[in-house]
Amino acid sequence: MKTTKLHVAIFLFIACFAWQTNYAQESPVYTVTTWKVTIPENGSNAELNTLLKEFQQKVVIPNNKVVSERVLRHLSGTDSRDLTFITEYANWNDIDEAATIQGELMEKAWPDEASQKEFFKKFNKYFLMHSDEIYTGMPEMNKN
């Protein structure tokens, strides 16, 4: 009896995992990155926005594996430092492919080490830490 229960439990676990993996492969997949923003004495909101727009124009928009991206700035609550990026991909595999393309686009945008260091030195001074999550879409629950 114990063996049968164990086999049933293992089967259910595998079935659930297989369903979730298949579901994620066929549905849109989203990465959610939340940064904790600080405005240092040698910085400004205007400079941060300029840097974010430059990165978006040179790296995010030309990346054909990124279906869409939303950028959200914390509006109300206890911690107003959050800056959240929600990036949509057609499927799980496109996340890795988008990362490869992103690297290529970054090299094209800032072709030499000096320009890369200059841009990312300015860019990184605004961010204290971040978190990353990956979600799968549930299209049947969308409001269109």
Subject >> Spin-label proximity, Glu88 to region 60-75 - amide N less than 17 Å from point 7 Å beyond Cα toward beta carbon >> reply: 60-72
Original post:
Which of rounded, prolate, oblate describes region 27-137, given a ≥ b ≥ c as roots of the alpha-carbon gyration tensor eigenvalues and a/c under 1.5 marking rounded, otherwise prolate only if a/b is larger than b/c?
Top reply: oblate
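Within the set Lys58/Lys125; Lys65/Lys122; Lys36/Lys117; Lys65/Lys121; Lys53/Lys125; Lys58/Lys121, which residue pairs have Cα atoms separated by over 24 Å?
On the way: Lys58/Lys125 20 Å; Lys65/Lys122 27 Å; Lys36/Lys117 21 Å; Lys65/Lys121 27 Å; Lys53/Lys125 16 Å; Lys58/Lys121 17 Å.
Lys65/Lys122; Lys65/Lys121, as the Cα separations exceed 24 Å there.
Rounded, prolate or oblate: which fits region 96-140 when a ≥ b ≥ c are the square roots of the eigenvalues of the alpha-carbon gyration tensor, with rounded for a/c under 1.5 and prolate only if a/b beats b/c? Please list the in-between numbers first.
Values: a/c = 4.09, a/b = 1.61, b/c = 2.53.
It is oblate, given that a/c is not under 1.5 and a/b is not larger than b/c.
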**OP:** Treating cross-link reach as a plain straight distance, find the aspartates and glutamates whose alpha-carbon is under 18 Å from the alpha-carbon of Lys108, omitting any fewer than eight places away in the same chain.
**Re:** Glu54, Glu97, Glu118
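State, as an integer percentage, the relative contact order of region 27-137 based on alpha-carbon contacts under 8 Å between residues 6 or more apart. The partial results should precede the final answer.
On the way: 152 pairs, mean separation 56.3, N = 111.
Normalised by residue count, the contact order of region 27-137 is 51 percent.
Bear in mind that the values in this text are calculations on the coordinates, not laboratory data. Computed from a predicted model, the values in this text were never measured in an experiment. Don't worry about glycine lacking a Cβ; one is built from the backbone with ideal geometry, like all the others, and counts go over all protein chains shown.
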